[in-house]
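These notes are about the structure you will find just below.
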Amino acid sequence: MLEVVNYNHTNTPYSLSIQLLEKINLSEDLESSNREVLFIEDICKRIQKSKSVLYVLKNEDDIIGLIALSFTSVKEQPSLQIDYVIVDKKYQGKELKVLDNCKPFRYLMKLAVVLAKRISQEIGLRYIVLSPDNDDLENKYKQVNFQKLNDNWMYLKIQNS
């Protein structure tokens, strides 16, 4: 059964990073794998300090992927920041029936948009922002309609319906 588990500062076990690292299959490339471990550890520290919220996409007991979000301001406009997105290596690039034939990365991006729209009704959120740390990621985010803001940041304008 598909499930999105939300972790924030009020419900996060101290050992969350260990639990996640035991269940998620990281990249085979050593450099990428080490980077993903650091990201997961950082996410868990940020959650405990009330700086981020983590959404873990699971099917049964399998972690498909995760997305960490926080709040920031862009051009004095409240924005939702995507801190990290990690997809389990065995699901990367695959359309999954349980996700209505959507790829996990795209599904997590849609989740961020849905959450941003919900929040925008309360506090006037205007953008989803992120800072890709390489050209491959930048291209991946462009495929889901993010645009360049400057050398470091990309954004997606939240369209409220």
- Task: Please indicate, with yes or no, whether at least one residue in the range 37-54 is part of a strand (DSSP E or B) and under 25 Å from residue 129 (Cβ atoms).
- Result: yes
- Task: Kindly indicate which of 75, 58, 51 is at pLDDT 95 or above, over 10 Å from the mean Cα position of the chain (by Cα) and basic (Lys, Arg).
- Result: 58
- Message: Whether any residue in the range 118-140 is among the aromatic types (Phe, Trp, Tyr), outside any strand (DSSP E or B) and modelled with pLDDT of 90 or more is what I want to check.
- Response: no
- Message: For the range 98-137, which positions are under 22 Å from residue 4 (Cα atoms), loosely packed, with under 11 Cβ neighbours inside 10 Å and either of a type in the set (S, T, N, Q) or touching a His at 6+ places or on another chain (Cβ under 9 Å) (or both)?
- Response: 101, 121
- In the range 101-113, is there at least one residue being among the aliphatic types (A, V, I, L, M), within 26 Å of residue 73 (Cβ to Cβ), outside any helix (DSSP H, G or I) and in contact with a Leu (Cβ under 9 Å, 6 or more places away or on another chain)? no
- Output yes when any residue across the range 43-65 is over 30 Å from residue 14 (Cα atoms) and either surrounded by 13 or more Cβ atoms within 10 Å (Cβ to Cβ) or without any contact (Cβ under 8 Å) to a residue 40 or more places away in the chain (or both), and no when none is. no
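The values are calculated or read from the model by the stated rules, or taken from the named source; none is laboratory data. These figures come from a predicted structure and were not determined experimentally. We place every Cβ from the backbone using ideal geometry, glycine too, and count neighbours over all the protein chains shown.
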